[in-house]
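The values are calculated or read from the model by the stated rules, or taken from the named source; none is laboratory data. What you are looking at is a predicted structure, and each value in this text was computed from that prediction instead of being measured. Note: ideal-geometry Cβ built from the backbone for every residue, glycine included; neighbour counts use all protein chains shown. In case anyone asks, the SASA skips ligands and DNA or RNA and just uses the protein heavy atoms, side chains included. Shrake-Rupley method; radii C 1.70, N 1.55, O 1.52, S 1.80 Å.
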Amino acid sequence: MIDPDVAAWILDFLLRQTLDDSLVHRLILSLPIPAPSPSSPLHRTLILRRLSSDLSRRSLSPRTLHSLELLSSLPRPSSAAALRAAYAAVAADLTVKPLRPSSRGGDDDGGGGGGGEGGGEGEFYDAVNRIWNCRVADLEAAAEGAEGAEAAAGLVSPELRATRREMEEAVVDATVRAGLVVRYTEERAFQAVRVYLEEAWKELGPSFLELAAEALIGMAKGKGLEMENPNSSKPSPEEGSRLLELVNHSGTVNKRGKEIIEENTHEWDDLFGSPLPANPVEEPHVSYPQKGKDSLLVKDNNQFILRKRRKKWSSLEEETLRKSVERHGVGNWKFIKQCHPSIFKDRTEVDLKDKWRNLVRH
DNA sequence: TTAGGGCTAAGA
DNA sequence: TCTTAGCCCTAA
């Protein structure tokens, strides 16, 4: 059995190599690492790796935005200017995406819901609401208030505020909308993320294993334990693969890990404590309890039914609900949930409605 | 998807 | 035992 600290060093090293995503997924499941705390170096490496993965798959999604938000909330946010630029570019790209000719779909769009003319605009309005009137508005509010001000200020820039105004204008003006499509290209967003990642990886420096290896080599040469020269030669991807093989043969793949690999789910997100779907529409609905630690069996009329385990509302959930209702009004429960997927990850729209009923009752 | 009635676990 | 909060069911 590998020591958790050693496992974390191995993972931290391998995450920086050009390994295939599926291998990284298997690694995360195989190694006995606890969920990294936001202050641990591994946390930053994991988020950067997830972002790199989005870039290499050329797939920018709300998950990408979430990664950038997480990075800005870390104790010492790296490459602040590039991070702000990447956030603004990705937010704009995700909003404008439905307006691009390639996304509007032909007659075989198969997506249902809307379709036809105006479908792209509909999705655009929805994205403006979700990203700019909700997500970015929250950041701006937080940047001005005391709560999370530092993290939010790391993302809020004059450029972001200007783009938000532009998006609002585009909702009512077709000419502005057309301008957005020309200006906010997908390539522009990719480029901004690429620039940020280059800077961030550079700032991160070598992994602990690399430093240790250098020190060992130094010792072998009789030079003592010097841990300098961070840009010395990195182990090759092949070496990373061999190490991975070693880990896989150590027999530490747990049962749950195997199940998840078989189900091909998104193992990354488990490590961040707040799974975020690539597309909010695909978010799993939690209204029907499933067997597990979050459910309990209750006897009802001589038959057992599965019931969701009672979970007290946290002050963060309560406060978020209050602010959301203030901003978006009563009754928009689904929208409010979509605005705060990580905070309300364990709640259904009905839960939000029920909680609000309780809040106004007393 | 939402509103509203009703049930029940938890705690005073 | 009573109240409250969280959850479920059903109709629209």
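Assorted remarks:
- Cβ-Cβ under 8 Å pairs, at least 6 apart or on other chains, the stretch A:295-319 side in the same structural domain as A:L352 (by TED's automatic domain parsing), far side near DNA strand C (Cβ under 7 Å from one of its atoms) and modelled with pLDDT of 90 or more: A:W313/A:K355; A:E317/A:R347; A:E317/A:K355; A:E318/A:K355
- Qualifying residues in the stretch A:319-358 (those that are outside any loop (DSSP other than H, G, I, E, B) and near DNA strand C (Cβ under 8 Å from one of its atoms)) - the one most open to solvent (accessible area, probe 1.4 Å): A:R357
- Of the candidates A:H43, A:H25, A:H66, the single residue that is modelled with pLDDT under 90, outside any loop (DSSP other than H, G, I, E, B) and within 27 Å of A:K97 (Cα to Cα) is A:H66.
Per-residue answers, yes or no, for (1) at pLDDT 95 or above; (2) exposed (fewer than 14 other Cβ atoms within 10 Å of the Cβ); (3) closer than 29 Å to A:A7 by Cβ:
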{"site": "A:A162", "(1), (2), (3)": "no, yes, no"}
{"site": "A:M167", "(1), (2), (3)": "no, no, no"}
{"site": "A:V171", "(1), (2), (3)": "no, no, no"}
{"site": "A:V176", "(1), (2), (3)": "no, no, no"}
{"site": "A:G179", "(1), (2), (3)": "no, no, no"}
{"site": "A:R183", "(1), (2), (3)": "no, yes, no"}
{"site": "A:F190", "(1), (2), (3)": "yes, no, no"}
{"site": "A:V195", "(1), (2), (3)": "yes, no, no"}
{"site": "A:W201", "(1), (2), (3)": "no, no, yes"}
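Residue-wise test of (1) modelled with pLDDT of 90 or more; (2) within 12 Å of DNA strand B (Cβ to nearest atom); (3) touching a Gly at 6+ places or on another chain (Cβ under 7 Å).
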site: A:I305; (1), (2), (3): no, yes, no
site: A:R309; (1), (2), (3): no, yes, no
site: A:T320; (1), (2), (3): yes, no, no
site: A:H328; (1), (2), (3): no, yes, no
site: A:N332; (1), (2), (3): yes, yes, no
site: A:I336; (1), (2), (3): yes, yes, no
site: A:P341; (1), (2), (3): no, no, no
site: A:R357; (1), (2), (3): yes, yes, no
site: A:R361; (1), (2), (3): no, yes, no
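- Residue within the stretch A:262-278 that is within 13 Å of DNA strand B (Cβ to nearest atom) and either modelled with pLDDT of 90 or more or not assigned by TED's automatic domain parsing to the domain that holds A:A127 (or both) present: no
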